[in-house]
Amino acid sequence: MSTANFYLEKGFTPAFRTVLVNSAETIAVWTPTTSTRVVLTDLQITSTAQGGTLAFYFGNLAGTKIFEFAVGTTTTISPGIGPIESTMYDRIVFVKANPGGDGLYRVNLQGFELP
């Protein structure tokens, strides 16, 4: 059974988030609704122009680092992840880019919000 199917069979509705990350910025990818926890089940990252690294966090940059990926120039990666579930309520998922130059990344997340 796939990770997403497990949560679907429990009656949870899938959610999708897409953001563009430019240069060396840190942005919120997923802000959960009040009193819910995020569980990530799928991820895709596309880079253009320059490669670099992307680090994902629950909470904030002082929070828990979930994972970090090195992404090449003009490439798409879809690593096998999941489920990665926040253990605390109301924790935002952040991404921090550290590009090798003036990079642009498209980040697609799929997951669920659990009560």
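Observations
- Residue pairs whose Cβ atoms lie under 7 Å apart, separated by 6 or more positions or on different chains, with the first residue in the stretch 13-34 and on the phi > 0 side of the Ramachandran plot and the second among the acidic types (Asp, Glu) and assigned to a loop (DSSP other than H, G, I, E, B), are Ser23/Asp102.
- Of the strands (runs of 3 or more DSSP E) entirely within the stretch 42-115, those holding at least 3 residues that are under 24 Å from Glu9 (Cα atoms) and touching a residue at least 60 places away in the same chain (Cβ under 8 Å) occupy 104-114.
- Filter result (of a type in the set (Ser, Thr, Tyr), surrounded by fewer than 16 Cβ atoms within 10 Å (Cβ to Cβ) and in contact with a Ser or Thr (Cβ under 9 Å, 6 or more places away or on another chain)) within the stretch 1-35: Ser2
Only the coordinates and a few stated rules stand behind these numbers; no lab work does. Since this is a predicted model, take the numbers as computed values, not measurements. Because the Cβ atoms are built from the backbone with ideal geometry, glycine has one as well, and the counts that use them run over all protein chains shown.
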